[in-house]
Structures are given as C-alpha cells and as structure tokens.
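Here, each number is a calculation from the coordinates, and none is a lab measurement. Here the structure is a predicted model, which is why all the values come from computation and not from measurement. Cβ placement follows ideal geometry from the backbone for every residue including glycine, while neighbour counts extend to all protein chains displayed.
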Amino acid sequence: MTVNKESNILQYFATIAACLSALASSAMMAWTSPTFHKLEKNNPVADDNPFGHAITADESSWISSLPILATVLGCFFFGYLAKRWGRRKSLLSCVIPFSISWIFVGLAKSITTLCIGRIIGGFAIGAPLSVIPMYTAEISDKSIRATQGKHEKMIQVLIKFRGNIGRNFIEAEADEIEDCVQAAAKLETSIMDIFRIPSNLKALWYSCIVFTFKNFSGAVVVLNNAESIFTATGVSDSVSPAVSVIIIGVVQLVFCCITPLFVDNWGRKILLILSGIGETLSLAALGLYFYLSENANNGDGDVSGISWLPITSMIFFFATYSIGWGPLPWIVMSEMFASDIKTKAFGIIITVNGLVAFLILKFFPTIVVHYGMHSVFWLFSIICFIGILFTIFVLPETKGKSLKEIQKQLGSHDV
C-alpha cells in the first residue's frame, strides 16, 4: 500500500504539533537557569527579584528538584489518561496544568507559591514524556493502535492520515491493526513478570543503572543551573553566562542530530564509551578550573590564563553527552524488553530516574556550599568513569540483535 505525499505531510505536521508540548516542557525545566542567576544575586538584590531578598541554596534546591518528583506522578496519570481518553485528548489536556503553573510562577511573591507552580508544571511534563512516543508511533504508517472497539472511527482516522488511497486498502489496514491489538491483548502480562523472568529482571537492573549513570553525568544539574555555574567561574567579562548557555544549546542540537548517523553502524556500547570518556575528561577539567579558581580567590594563584577552560569544557561535555549518555539509555532500554512488558518496566525505570534526578538537584547546592563547586564536578567525573567500566564489562550490546537474542543473552550468566 502506498501513502500519498499529502498524507505524509499531514503525519509530519501532526507529529510537530504533538511535540509542541515537549517544547513547553523544555521551557519549564530551562526556566531555572536564567532565573536563579537573578534570584541568587545579593549585594545588591536584583531589582526584578519578587521576594526582595536573595534565595538560599536550600530554597533553590527545592525549586529545581520538586518538579522532577511531580513529573513521575504526571507520567503515570497521563499514561492512564491516554488509555481512557486517547492520546490526542490527553496531550491537549496538559495545557491546563502548564497554564496554571505559569500563572503561579509569574505571580509568586513567596517561595511556597513558586514551588507550588513548579510542582504543577512538573506534573504537566508527564504528558509529553509518556504520551508523545505513543501518539507519534500510532499516526505513522501501519501503526495506529488502541482501536478500543471503534472500528469505523479508526477507518476515518486512517483515511485522514493515509489520504485518498481507496476504501479497500484502508479497511485492509484497519483489519490488520485490529488483529495486532487483539493478539497483544492475549499476551497481556503482569508487572510481576518483570521480577519472575530472569531476562526481564536483568534488563530492569541494567536500565535503572544506565539511567542512574545518565543522571550522575551532571547534565541535569548544569541545565538547571547553567547561568549560575558560569557566573561562578568568574569569566563573565569575556563571555556572558547567557551567551554561554545559548552556545551549549546549539551544541546539543547539532550533536543530537549527528547521533542517528552513527548509532546503527557503531553500536550502542561504542558510543556510550566514547561519550563517557568525553564526559569524564571535561568534568575533571571543569572541576580543576573551579579548584584553581577557589584557591585564586583566596590569594593563591591566578586563573586568568585559562579563562577559556570553563566554556570549552562545557561545550566538549555536551557534545559528547549528546552522542551517548543523553539519548542512548532510552534506546537501550526499549531494545531490552518485549513490547508486552515494556510499558510496565518503563513505569519502574522512570520512577527510579526521577528519584535519582531529584536527589542530585536537591543536594547539589548543599554540596557546593560545604565542599566547593570543584568537588561536585570531580564526583560526577568519577561516576562517569565508573559508567565507562560498566558499559565495557557488563552492559550487553543490543545493536543488530533480535529481541529473542537479547533476551537469551540477558537470561544467561555470561553477558
């Protein structure tokens, strides 16, 4: 069956429209970077600080970390809503909590009000995170799912996205989809199958560990506190913190586009190892700069000769992060589980991912206050190095392998 050009354009347009909610999510998470730079300013307090005083490290940690916990709850809620209302309606419904969130944030005169707004925003992020993958897959050719017994309505949706290719072709695809859905329903599994079946349990462990290493790369901390971190380097005279953050964003965009060109040829493990090496070196270099800078502030040494190091380290970090530990944990996770167990495993993994990210964001400012910025980045560097060892000696390669081969490998003792 051939889908005409106009219907392909409609599929692309629908996908882009769905991803606008992901753009709203990015805005919610990136809000802290430029805002903390203003809210933390002291002597004098920033003119546009609504609280009239500089926020403390503890307050900033709650503001940045609480949305992560709310996102976990949002994923479960909107995932359930997608089954009851459908993908499109559940995505549209996230406009309500996003709007309420920004109203709270925009009108906040207290830390409590601001935190409430951030929590609601984090909850809304659960919609694009859980629903967009389902929606975009289902509007693509031969992939509309969840017919929910509405055969004729499904045919109308197919006509809309396939174009005028003939009723017979549309009905044939509708029958094929319905058969697939019914077959999947017969294979319905329980969440306990993740723990009963050794290959599923091992896949769960590996996925949770991979996402833990992803978070401990420090990317979540830098993205939430980018301008404050660059301000702390003391090199804002040459490159402003705002410009540095924009440069990082462009680097991420470019290298995320490059990753698909290599991931199937080079394999997951090679890219994760190369990414881990880049992260380890760049974080160690950044930690070294902060260590020397803190000593220079105490009258011991001068770092003016290496003022280029912070921005260079961050560019190198996000370039290597974006080709490996940024996108690949999602791919590795999806390839380890059968489709009938994947959604249940995803719930556990995203909960673990959220809790780890929350703890990192919550305690980052406290560690900086007590042990210095250099300690944080050296800690991240060490954990990234451990992640390299885990990838080399433990994590299985999933490239070019069928699900049966991967599950057999996971079920054996030799991985």
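Listing for the model above:
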| quantity | calculated |
| --- | --- |
| Net charge of Cβ neighbours under 10 Å - reference Gln407; Lys, Arg +1; Asp, Glu -1 | +3 |
| Fully extended contour minus Cα-Cα distance, from Asp340 to Val45, at 0.36 nm per residue | 100.7 nm |
| Estimated FRET transfer efficiency (Met192, Ile246; beta-carbon r; R0 35 Å; 0.05) | 0.15 |
| Relative intensity, log₁₀ I(q)/I(0), of the stretch 211-266 from a Debye sum that treats every alpha carbon as a point, q = 0.12, 0.16, 0.19, 0.29 Å⁻¹ | -0.39, -0.63, -0.80, -1.10 |
| Listed residue (Thr233, Asn353, Thr320) projecting farthest to the positive dipole end of the stretch 191-415, Cβ model | Asn353 |
| Where a label projected 7 Å from the Cα of Ala57 along Cα→Cβ would reach, residues of the stretch 340-377 with amide N under 16 Å | 360-377 |
| Calculated FRET value between Glu397 and Cys19, using beta carbons and R₀ = 30 Å, to 0.05 | 0.50 |
| Calculated FRET value between Thr312 and Glu171, using beta carbons and R₀ = 45 Å, to 0.05 | 0.15 |
| For the stretch 49-56, 3J(HN,Hα) per residue [Karplus equation, 6.51 cos²θ - 1.76 cosθ + 1.60, θ = phi - 60°, Hz, x = Gly/Pro] | 7, x, 8, x, 8, 5, 6, 7 |
| Gain upon complete extension [Ile96, Trp330; 0.36 nm per residue less C-alpha separation] | 81.4 nm |
| Distance histogram for the stretch 195-349 (every C-alpha pair counted, 10 angstrom bins, percent rounded to whole numbers) | 10, 34, 29, 17, 8, 2, 0 |
| Calculated from backbone phi, Karplus (6.51, -1.76, 1.60) coupling profile of the stretch 311-316 in Hz, x at Gly/Pro | 5, 5, 4, 5, 4, 5 |
| Expected-Rg normalisation [2.2 N^0.38 Å, Cα atoms] applied to the stretch 1-129 | 1.30 |
